[in-house]
Structure formats: C-alpha cells, structure tokens
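Structure first, commentary second.
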Amino acid sequence: MDKFKRFEKKINIHFKNKNLLKQAFVHRSYLNEHPNCQLKHNERLEFLGDAVLEFIVTTYLYNKFNQREGVLTNWRSGLVNTENLSKKAKALGFNDLLFLSKGEKKSKGKARKVILANTFEALIGAIYLDQGIKKCKKFIKDFILKDFSEKKAKYFEDAKSLFQKIVQGKLKITPVYKILNESGPAHKKLFEVAVYVGKKMIAKGKGSSKKEATFDAAKNALRVFK
C-alpha cells in the first residue's frame, strides 16, 4: 500500500481523482526542479480550500455558540490560523507526503509551518472538488473542530487585547506594533511584526497576514513581558 492510500485510509476519504489528492501536496518549488511533472502546484486548491474552511468553521461557530461577533471571530482565527493548521497537518503526517524542492525540504520553524498550513487548505480544496461540501464538513469536524469547546476556546483569547490590558495596567501606556518585514509573492505574503512597549521591543511575530503576525507577536510578548 503506497503512502497516499494509507493517508486516504487515515482520513477515511477515498478520492475518485487520485491526482487531485497528490496535487494538494505539490509545492510550487517542486515544479521548478521537476518541470516535466504531470501535476500542477497546489496554490489554486489552497485558494479554494481557504474559503471552504472559513465558511464551514464560521457556520459551525454561529450555530453552536451564542456569543458576540468579536468572540466568534477570535475563535475562528484561532482555529484556522497557521499555527493550528500546521499542527493538525503535522499530526496527520503531511511531512511525509509533501512534494518539495531540495531547498524547501530543509525548511524548518515558521517557514515549514506556513507550507503545512497552506497544504491543509489545499487538501480541503481537493476534497471539495472530488467529494463535495458534505465530505468537507465531516473532514473539518473530525480534524479541526472535534475537540473544540468553550473551555478550550480560552486558548484563542485575543492575545493583543490581553497584552494591552497587562501593559496599561502596569505602565499606563499602550503597546505599539510595527511591520519589520514583508516577503513572498503578492498572493502569499509573509509578514514579520514587532511589538514595542515604549521604545523597547518586547517580541516579534510572523504570519500570512498583518493581523496574524500581530497576534503572533502579542502571544510571544505575553510569554516574556515582566
């Protein structure tokens, strides 16, 4: 049994179009080194999967929890952000399935997390095209929403708001966030943001959007701010 058949068994989804499944794991860098590859890269699937994932998670949270919009937005952000998706992807064995260039195979830390999270979204896009919305809902429920509860949602508390409360309570000033770096192609940017208290930089964060990078910086600041 090859690794993709084992993976189908693990997620309990058997693709009609096996190449669509494989395409979800093809990073653009792989095609640069393998121009004769019959598969396309996964960026269009990622674009589709991102929208499907957000729709299903949003609908689930709206129907399940009677909370105000801001709370639900924070919970959704926590469920679909790079950190959470990459963690889920790693647990499902994505690293063994990725088609990467020799250089990208060496990637670690945030760079690898971004690849894993993007691939998770691409897989959802592939499931949607091959199996429809019903299978997508089941997959997302099984691997993203299964253990989610209001109690665990405290993990998704808005770190930026929490850090601001702590700093204002201690020093009576407001933290300031500044973009340090912006890299990557227009359709898939990677941002690096730093948070300052006064003139002192407290922590940095990275993310695929300014908002996500800011949240990451605030989360990191909560760990180190005294």
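The values are calculated or read from the model by the stated rules, or taken from the named source; none is laboratory data. Not measured: the values here are computed from a predicted model. Using ideal geometry, Cβ is built from the backbone for each residue, glycine included, and neighbour counts are taken over all protein chains shown.
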Review point. Here are LYS87, LYS110: which of them is more than 26 Å from ILE133 (Cβ to Cβ), part of a helix (DSSP H, G or I) and out of contact with any Asp or Glu (no Cβ under 6 Å at 6 or more places or on another chain)?
Key: LYS110
Check your understanding: Among all residue pairs at least 6 apart or on different chains, which show Cβ distances below 8 Å where the first residue, located in the stretch 19-30, is at pLDDT below 95 and assigned to a helix (DSSP H, G or I) and the second is hydroxyl-bearing (Ser, Thr, Tyr) and surrounded by fewer than 22 Cβ atoms within 10 Å (Cβ to Cβ)?
Key -> SER29/SER101; TYR30/SER101
**Study point:** The listed residue being in contact with a helix residue (DSSP H, G or I) (Cβ under 9 Å, 6 or more places away or on another chain) and loosely packed, with under 13 Cβ neighbours inside 10 Å, out of GLU121, GLU192, GLU182
**Key:** GLU182
**Study point:** The one condition in (1) in contact (Cβ under 8 Å) with a residue 60 or more places away in the chain; (2) under 16 Å from the mean Cα position of the chain (by Cα) that LYS88 fails to fulfil
**Key:** (1)
Exercise for review: Considering only the stretch 91-130, state which residues are charged (D, E, K, R) and closer than 23 Å to TYR60 by Cβ.
Suggested key: GLU121, ASP130
Revision key, fill the gap. Across the stretch 23-66, the tally of residues that are of a type in the set (Ser, Thr, Tyr) and either under 13 Å from ASN118 (Cα atoms) or within 20 Å of the chain's Cα centre (by Cα) (or both) stands at 4
Review point. In this structure, does ALA126 turn out to be more than 13 Å from the chain's Cα centre (by Cα), in contact (Cβ under 8 Å) with a residue 24 or more places away in the chain and in a helix (DSSP H, G or I)?
Key: yes
Practice item. Please verify whether the stretch 39-62 includes one or more residues that are free of Cβ contacts under 8 Å to residues at least 60 places away in the same chain and under 25 Å from LYS102 (Cβ atoms). Key: yes
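I'd like to check something: does the stretch 102-113 contain any residue that is touching a His at 6+ places or on another chain (Cβ under 7 Å), surrounded by 17 or more Cβ atoms within 10 Å (Cβ to Cβ), outside the structural domain of SER208 (by TED's automatic domain parsing) and at pLDDT below 95?
Within the stretch 102-113, one or more residues are touching a His at 6+ places or on another chain (Cβ under 7 Å), surrounded by 17 or more Cβ atoms within 10 Å (Cβ to Cβ), outside the structural domain of SER208 (by TED's automatic domain parsing) and at pLDDT below 95.
Is there a residue being part of a helix (DSSP H, G or I), touching a strand residue (DSSP E or B) at 6+ places or on another chain (Cβ under 6 Å), farther than 21 Å from HIS41 by Cα and outside the structural domain of GLU83 (by TED's automatic domain parsing) anywhere in the stretch 149-166?
no
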Revision key, fill the gap. Of ILE124, ILE202, the only residue that is more than 19 Å from LYS87 (Cβ to Cβ) and among the β-branched types (Val, Ile, Thr) is ILE202
Study note, to complete from the structure: Subset of the stretch 1-22, residues β-branched (Val, Ile, Thr) and out of contact with any Lys or Arg (no Cβ under 7 Å at 6 or more places or on another chain), comes to ILE11
Check your understanding: Which of the residues that make up the stretch 61-71 are surrounded by fewer than 19 Cβ atoms within 10 Å (Cβ to Cβ) and either modelled with pLDDT of 95 or more or assigned to a helix (DSSP H, G or I) (or both)?
Key -> TYR62, ASN63, LYS64, GLU69, GLY70, VAL71
Review point. Does GLU46 satisfy being crowded, with 19+ Cβ neighbours inside 10 Å and in a helix (DSSP H, G or I)?
Key: yes
